[in-house]
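Okay, structure first, notes after.
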Amino acid sequence: MRYPKLFYFFSFAALASLLPFLTLYYQQFGLNGRQIGVLVAIPPLVALVSAPLFGAIADATGRHKLMLVLAVCGFAAGVLILSAVGQYVWLVAAVFVYAIFFAPVLPLVD
């Protein structure tokens, strides 16, 4: 990667602008505390599996840049889906999708 510092800057800027408001966004749909807690807990739990899996695939194939592009595109798709749905089941699915693809982004930059 040519400019990893810029990539880190924009990645963390995106996280800093998104994460503090997610619970408020979920409250707009009338979700209770348990449901919001589940939605907030999904990304770190998914990261336990998806980050090492993407890293292993990237190492095995030697296609780190391709895996990074796929991860960023998948994350963007997940966030777009998240903004388009409103029912709890679909919110869970959207959070799961964006979590699968965001977890390996920063490790793949390294």
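The values are calculated or read from the model by the stated rules, or taken from the named source; none is laboratory data. Everything numeric in this text was worked out from a predicted model, so none of it was measured. Backbone-built Cβ (ideal geometry, glycine too); neighbour counts: all protein chains shown.
Hey, Leu39 hits all of (1) over 19 Å from Phe12 (Cβ atoms); (2) modelled with pLDDT under 95; (3) surrounded by 13 or more Cβ atoms within 10 Å (Cβ to Cβ) but one; which does it fall short on?
(2)
Being aromatic (Phe, Trp, Tyr) and either more than 14 Å from the chain's Cα centre (by Cα) or farther than 16 Å from Val49 by Cα (or both) is the filter; apply it to the range 62-110 and report the residue that is surrounded by the fewest Cβ atoms within 10 Å (Cβ to Cβ).
Only one residue fits best here, namely Trp90.
When you check Ala47 against the structure, is it small (Gly, Ala, Ser), touching a residue at least 12 places away in the same chain (Cβ under 8 Å), closer than 15 Å to Val95 by Cβ and part of a helix (DSSP H, G or I), yes or no?
Judged against the criteria, Ala47 is a match.
Of all residues in the range 31-44, which are in contact (Cβ under 8 Å) with a residue 24 or more places away in the chain, assigned to a helix (DSSP H, G or I) and either aliphatic (A, V, I, L, M) or in contact with a strand residue (DSSP E or B) (Cβ under 7 Å, 6 or more places away or on another chain) (or both)?
Val38, Leu39, Ile42
Spot the failing condition for Ser50; the list is (1) polar (S, T, N, Q); (2) surrounded by fewer than 17 Cβ atoms within 10 Å (Cβ to Cβ); (3) modelled with pLDDT of 95 or more, and only one is missed.
(2)
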